[in-house]
Amino acid sequence: MRKFALLVVGASLGACTAAPPSPYPYGYAGTSPINDPRLGQLLAGRVAGQPRQCLNASRSADLLPVAGNYVAYRDLGTIYVSRTDGICDTRRSSNTLVTRSVGLSSGPCRGDTAYVVDSGSGMTVGSCTFGDFVPYDRAR
C-alpha cells in the first residue's frame with residue numbers, strides 16, 4: 001500500500017511540473033515547423049501566421065507532396081500546412097488525395113477527412129483528418 005501511495009504522489013508531482021503543450025505544435029509566430037526535411041525546405045524563409053479553420057477552395061490551391069502527418073497546399077504565394085491525425089502521404093505520383101467535407105465550406109476544413117487513393121488500383125491506401133491550416137508567407 002505504501003508503494004502505491006508513493007507512486008500516486010510521484011505521478012502527481014510529475015504532472016504538475018510538466019510544461020503545458022503548445023497550441024501550435026508545428027510552427028507558429030516565425031518558428032520553423034517540424035523536423036521533416038521536405039517541409040522544412042518548402043517553408044524556408046517563410047513565417048507562420050494565425051491558424052485558420054478552413055481554406056477557400058474557390059481559388060485554385062495546389063496540393064504539395066509532404067511526408068508523414070502533414071498536408072500542405074499552395075494558394076497564390078502562401079503555403080498552408082495542416083498537421084493531420086493519421087497519415088496522408090502524397091509523395092507517390094500514383095497517390096491522389098480525396099477530401100470529404102463535413103460542413104458547409106467550399107474548401108477543406110479542420111476535422112474534414114481525407115483519403116489517399118492509389119489512382120492505378122482505386123484502392124484507399126491511407127486516411128487522415130485535418131487540423132488547423134497554418135499559413136506561411138515569405139518573411140518581409
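Show the residues, 5+ positions off or on another chain, whose built amide H is closer than 5 Å to the amide H of Gly111.
Close amide H contacts, sequence-distant or interchain: Phe130, Gly131.
Check which residues have an amide H placed less than 5 Å from Arg52's amide H, if you skip close sequence neighbours.
Placed amide hydrogens put Phe133, Val134 under 5 Å from Arg52.
Only the coordinates and a few stated rules stand behind these numbers; no lab work does. Everything quoted here is computed from the prediction, not taken from an experiment.
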